[in-house]
Amino acid sequence: MSLISPREKCGVIGIFSLNDHNIVPLLISGLEALQHRGQESWGIGVHGHATFKRDGVVSRSAELEYDEISKIEGSVGIGHVRYSTTAKSAVGYAQPIDVGGLTENHSFRIAHNGTLEREGLVENIRDLGFSSPYGVTDTELMGMGLYKLLKSGKSLAEAFEKLNPYLNGSFSIVLLTSKGDLIGARDERGFRPLCLGWHAETSSYVIASESCALEAIGAKLLRDVEPGEIMKIDKDGLESFYFAHQERHAHCPFEYTYFAHPTSQIEGINVYSSRKNIGRVLAEKYPIEADIVVPVPDSARPAALGYSEKSGIPFEEGLLKDRYKRKGSWRSFIEPEKREAIVSNISTIKNVIEGKRIVLIDDSVVRGTSSKIIVGNKLRNAKKVSLLLTFPPIIYPCYMGIDFPTQEELLAYKVCGTSTNIEEINKKVAEHIGASFVGYNDVDGLSKGIGLPKNQICLSCITGDYSCLKFKPKFRSREEMKE
Ligand code: SF4
C-alpha cells in the first residue's frame with residue numbers, strides 16, 4: 001500500500017469576477033504562466049460547465065481546440081497544471097476533480113498542489129466506503145473528507161479544522177463550489193506557495209500558486225495566502241479565516257532555488273533576487289580561481305550572475321538549451337525518465353568553454369545523472385570544471401510535494417550515507433560525477449541567500465528533521481511508492 005500519493009508539484013489558479021466578466025481567457029493565460037509547475041496534463045472547471053481536462057501543455061490544446069474552449073464561458077473558475085513522475089500520466093488523473101454531484105449542495109471541484117499522506121485520510125473517510133486507498137488519490141481523499149464534513153452541516157472553517165489533523169503533508173488548493181463560490185486554502189506550514197491578486201479590468205480576485213500568473217494576466221499581487229488560511233470569494237467579496245495557526249512555517253526553499261518562476265514573489269521575496277543572492281553567498285564560501293562562470297540552464301543563471309558579480313570572474317553562456325525541439329520547457333529534474341534526452345538538448349558553445357577553467361553553477365544534484373553528463377560530456381573540452389550548487393546536499397526524501405521520492409536514489413546519500421560533513425560530501429560527489437571540485441551550499445548560506453530565517457523554511461530533505469509534518473513518514477522504495 002502506498003502511504004504517500006504520487007501527486008506532486010502542480011500549479012493551481014482560481015478566478016472570481018465580481019461583475020460577471022468571462023474569466024476563461026484569463027484562466028487559460030494564468031495556467032500557461034504556471035506551465036513550469038506541470039506539463040503533463042491540465043484542466044479547468046468553470047461554473048455552469050463540465051470540467052475540461054487534457055493531456056500535455058495548455059498552449060497546445062488551446063490552439064488545437066480553440067473553438068471548443070471558447071464555448072466555455074463563466075465568471076468564476078479554477079484551473080490546474082499537473083506533474084507526476086511516479087504515477088500514470090493519463091488525462092484521467094488530471095485535475096480539477098469533481099467531488100460529489102455537480103449540482104448537489106456541498107459538492108465542489110478541487111485542484112491541489114502538494115502531497116498528502118494517504119493513510120490518515122483513508123481512515124478519516126472510511127465510512128464513505130473507501131476501505132482501500134488503491135486508485136484513490138490524496139486530492140480525492142481530502143476532497144471526500146471535506147465533502148463529508150460540509151454535508152454534515154459544518155461550516156467551511158469548522159470542516160477544515162476537523163479535517164486538519166488528517167492532513168499530513170502539503171496543500172495549496174483552490175475549490176469551486178456547486179454554488180459558484182471560489183475557495184483557496186494553504187496548509188498550516190505553508191510548504192507550497194499560494195497568493196492572492198486583483199485583476200482590475202474584470203474586477204476579479206485571483207488566487208494562484210505563483211505571482212507570475214498574476215503578472216501574465218495583468219493582475220496585481222495583493223498578498224500571499226497565509227499558512228492555515230482559507231479565503232472564500234463570492235458575490236459579496238472576499239472573506240478570510242483561519243483553520244490553524246503555527247508559528248513555525250516551513251516554506252520550501254527548493255521553490256526559490258529551482259522550482260518557482262524567477263519573476264514570482266513568494267513571501268515577499270523575488271525568486272530571481274534570491275537565486276542571485278545565493279550566487280553571491282557561494283562566491284564568499286567558495287572563492288575559486290577560474291576563467292569563466294557558466295550556469296547550467298536555465299534555473300541556475302541568476303546564481304551564476306551573482307557569483308560572477310561578487311567574484312569578478314566573467315559570466316559566460318557556455319551551455320544553451322535548445323528551445324525549439326519541443327513545445328514547453330522540459331525540466332530535467334522533474335521528468336526522470338526523460339532526463340538524458342533533456343540533457344541532450346543542451347548544446348555546448350565550444351569556443352566559450354574550450355581550455356577554460358570553469359565555475360559551473362547548478363541549482364542542485366538530486367540523483368547526479370544530469371551533472372555527470374554535463375561535466376563529463378558537454379564540458380569535456382574545458383580545462384577544469386568546479387561545480388557549485390545553490391541547494392545543500394539532499395539526503396532525505398521529500399514528502400511535501402517535490403519528487404525526491406526515495407532515499408536510495410539520492411546521490412549524496414548514496415556516496416556518504418547520512419553524514420553531514422560537507423567537505424566529505426563535496427569530495428565524494430566530485431569523484432562520482434567527474435568534476436575537479438564540487439561545493440554545496442549549506443543551510444546558513446541557503447537561508448541567507450533566500451532572505452528567510454532558518455526557522456521559516458523547510459529543511460527536511462537536508463537534515464532529516466520532519467517535525468513540521470504531523471508525523472514522520474516511513475521511507476519507501478520507488479517500487480513501494482508505485483503500489
Ligand atoms: S523536504 Fe526539501 S523539497 Fe521537500 S518541502 Fe522540504 S525543503 Fe522542499
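Straight distance only, please: which aspartates and glutamates reach the Cα of Lys350 with their own Cα at less than 16 Å, same-chain residues fewer than 8 apart left out?
Counting by Cα, and skipping residues close in sequence, Lys350 has these aspartates and glutamates nearby: Asp291, Glu316, Glu317, Asp322.
Starting from segment 29-86, pick out the trypsin sites (Lys or Arg not before Pro) whose DSSP state is loop and whose Cβ has at most 13 other Cβ atoms within 10 Å.
Lys71
Using amide H atoms built 1.01 Å from N in the peptide plane, name the residues 5+ places from Gly74, or on other chains, whose amide H lies under 5 Å from its own.
Ile23, Val24
Exposed loop chymotrypsin sites (Phe, Trp or Tyr not before Pro) only (DSSP loop, at most 12 other Cβ atoms within 10 Å): please give the longest stretch of the chain free of them, not including the sites.
Here the longest segment lacking exposed loop sites spans 135-323.
Calculate for the chain the 222 nm mean residue ellipticity that helices alone would give, adding -39,500 (n - 2.57) per DSSP H run of length 4 or more and normalising by residue count, nearest 500 deg cm²/dmol.
Rounded to the nearest 500, the figure is -7500 deg cm²/dmol.
Taking +1 at the Cβ of each Lys and Arg and -1 at the Cβ of each Asp and Glu, which of Leu31, Ala219, Asn277 sits farthest along the dipole of the chain towards its positive end, judged by Cα position relative to the Cα centre?
Asn277
Through the Karplus equation 6.51 cos²θ - 1.76 cosθ + 1.60, θ set to phi - 60°, convert the phi angles of segment 399-404 into ³J(HN,Hα) values in whole Hz; use x for Gly and Pro.
10, 10, x, 10, 8, 10
Looking at the square roots a ≥ b ≥ c of the eigenvalues of the Cα gyration tensor of segment 266-319, which shape do they give, rounded for a/c under 1.5, prolate if a/b is larger than b/c, or oblate?
Oblate, because a/c is 1.5 or more while a/b does not exceed b/c.
May I have the extent of the alpha carbons of segment 11-250 along their three principal axes, as whole Å values ordered from largest to smallest?
43, 36, 35
I'm checking a number: the convex hull volume of the Cα atoms of the chain, normalised per residue, in Å³. What is it?
In the chain, the Cα convex hull volume per residue is 128 Å³.
Quick one: putting +1 on the C-beta of Lys and Arg, -1 on the C-beta of Asp and Glu, what dipole do you get for segment 10-99 around its Cα centre, in Debye to the nearest 20?
Once rounded to the nearest 20, the dipole reads 340 debye.
Fewest to most neighbouring Cβ within 10 Å: what's the order for His80, His49?
Ordered by Cβ neighbours within 10 Å, fewest first: His49, His80.
Could you work out how much longer the chain between Asn455 and Ala157 gets when fully extended? Use 0.36 nm per residue separation minus the Cα distance between them, nm to one decimal.
Gain on stretching Asn455 to Ala157: 104.6 nm.
Any read-out appearing in this document is the output of simple, stated calculations on the displayed coordinates, not a laboratory observation. For clarity, every value in this text was computed on a predicted model and none was experimentally measured. Because the Cβ atoms are built from the backbone with ideal geometry, glycine has one as well, and the counts that use them run over all protein chains shown.
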